[in-house]
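Visitor: Okay, handing you the structure first.
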Amino acid sequence: MSATELPARHDEPQAGHGEPPAGHAELMDGVYRWQRHIYDLTRKYYLLGRDRLISGLDAPVGGTVLELGCGTGRNIVLAARRYPGARFYGLDISAEMLETANAAIAREGLSGRVTLARGDATDFDPKALFSVESFDRIFVSYSLSMIPGWEKTVSAALAALSPGGSLHVVDFGQQEALPRWFRTLLRGWLRKFHVEPRQSLRTVLESESERIGAGLRFRTLYRGYAWLAVVGPRK
């Protein structure tokens, strides 16, 4: 496919290689069947660093960008607006979330540049899902903390990058510089939604970066509330 060609637009989320594990897919659909309607309104207060991630994508004109765990489509809509010359793809395991995301994308008039698919972020085939071999940018926003076997998502994302591409991650940190009472309350709240901050995120990203010969930029935001990382070509 040339840099200017677009894949056929699919009105419904597509399934493909690596069908979503039934148990986790059903769990996420159950969690978000009703929450998806108020998700963006409530999450904007504590999913910090998402807009900083989007501003750092620097998606090239004619490039391809994939979001793993695209949820309601909030991030992919903002990114598509910011980078009008790029094509966007979103993957999520929840059919409920994808229904909301597709509606948001259509409402914004972005259906011609954004394609969504239902799939497992730990095991996906870009060609089968999107008719795309690889991506210039892949980003994961507050999803690794919800994905069982999240380390496989990091490996799968890096394997799906085009040469010179980059992986961008923002997620909960360990709140290391915040009061203990705050950490306790936050962790208890997150567990209600099957969210677990990944203590070994930096270690895994360092190991994977070394394995593929890439560089890693890792930042701590808001006294450890969030971590922001980019795996890409060494500077």
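The values are calculated or read from the model by the stated rules, or taken from the named source; none is laboratory data. Only a predicted model underlies this, so the values are computations on that prediction, with no experimental measurement involved. Note: ideal-geometry Cβ built from the backbone for every residue, glycine included; neighbour counts use all protein chains shown. Ligands, DNA and RNA are stripped out before the accessible areas are found, and what is left, the full protein with its side chains, is counted by its heavy atoms. Shrake-Rupley method; radii C 1.70, N 1.55, O 1.52, S 1.80 Å.
Visitor: Can you tell me which residue within region 181-235, out of those that are of a type in the set (Gly, Ala, Ser) and outside any strand (DSSP E or B), is most open to solvent (accessible area, probe 1.4 Å)?
Guide: Restricting to residues being of a type in the set (Gly, Ala, Ser) and outside any strand (DSSP E or B), the top hit is 207.
Visitor: So which residues in region 146-175 are assigned to a strand (DSSP E or B) and of a type in the set (S, T, N, Q)?
Guide: Scanning region 146-175 gives 162, 166.
Visitor: Further question on the same structure: Restricting the search to region 74-97, which residues are over 24 Å from residue 62 (Cβ atoms), surrounded by fewer than 23 Cβ atoms within 10 Å (Cβ to Cβ) and either of a type in the set (Phe, Trp, Tyr) or in contact with a Cys (Cβ under 7 Å, 6 or more places away or on another chain) (or both)?
Guide: none
Visitor: Being modelled with pLDDT of 95 or more and of a type in the set (Val, Ile, Thr), is that true of even one residue in region 192-201?
Guide: Checking region 192-201: not a single residue is modelled with pLDDT of 95 or more and of a type in the set (Val, Ile, Thr).
Visitor: May I pose another question? Taking region 125-137 as the region of interest, how many residues are open to solvent by 50 Å² or more (accessible area, probe 1.4 Å) and not in a loop (DSSP other than H, G, I, E, B)?
Guide: Here the count works out to 2.
Visitor: Let me ask you something else. Which residue, of 100, 115, 122, is hydroxyl-bearing (Ser, Thr, Tyr), open to solvent by 20 Å² or more (accessible area, probe 1.4 Å) and outside any loop (DSSP other than H, G, I, E, B)?
Guide: 100
Visitor: With respect to residue 151, determine if the residue is closer than 16 Å to residue 206 by Cα and open to solvent by 10 Å² or more (accessible area, probe 1.4 Å).
Guide: Criteria met by residue 151.
Visitor: Could you tell me whether any residue of region 14-26 is at pLDDT below 95, surrounded by 16 or more Cβ atoms within 10 Å (Cβ to Cβ) and out of contact with any Gly (no Cβ under 9 Å at 6 or more places or on another chain)?
Guide: Taking every residue of region 14-26 in turn, at least one turns out to be at pLDDT below 95, surrounded by 16 or more Cβ atoms within 10 Å (Cβ to Cβ) and out of contact with any Gly (no Cβ under 9 Å at 6 or more places or on another chain).
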